[in-house]
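No value in this document is a laboratory result; all are computed from the given coordinates. These figures come from a predicted structure and were not determined experimentally. Don't worry about glycine lacking a Cβ; one is built from the backbone with ideal geometry, like all the others, and counts go over all protein chains shown.
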Amino acid sequence: MVMCMKKNIETIVVCIAVGFLMGQFMFNQYQKQEKQSALPVVQTTEKLYFLQQGVYSNLDSMKQNLTDFEYYIYNETDNKYYVYVAIIKSEENMEKLKGFFNQKGYDIYVKEISVTSAAFLEVLDQYEQLLSGTNDEKTIQAACAQILAKYEELVVND
């Protein structure tokens, strides 16, 4: 009986020691990871093509002229409203979208704007692949709307 109790106590002590050592190891790993994440992150900047549909002098005329668009973004500079209907990375897709909007009767101006949001650039890569493989009008419109929405979410509102 004493021998059995001694074995149980030894087992318990060994388990506690192993648990303590494992806990110490995990804690040290967590501290290392935290120190590494405190290092400055290198941000990559990429130039993107923003397809501008037009410039408006007031908000009401802008909204009246954009009823055909499912989604668009704009910025106000010097009391002028600059409207963008697509954002794209590759020159091939930029030309494709420019032709798509020109065919619908819209004059499109291309502006190159630098973006540093890694999250947005990653999402944009996925939509680039989708746009490269389609000529379907509804798919193109939906992809452009989703890209603009993600831009607002991940870049403008961030």
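For the pair residue 135 and residue 157, what calculated FRET efficiency results from E = 1/(1 + (r/R0)^6), where r is the Cβ-Cβ distance and R0 = 30 Å, to the nearest 0.05? Present the calculation step by step, with values, prior to reporting the outcome.
Numbers: r = 32 Å, r/R0 = 1.06.
That gives a FRET efficiency of 0.40.
Pairs to check: 80/111; 96/138; 63/89; 104/138; 47/111. Give those whose C-alpha atoms are more than 19 Å from each other in this structure. Exceeds cut-off: 63/89. The distance between label points at residue 116 and residue 78 comes to 2.6 nm (points 7 Å beyond Cα on the Cα→Cβ vector).
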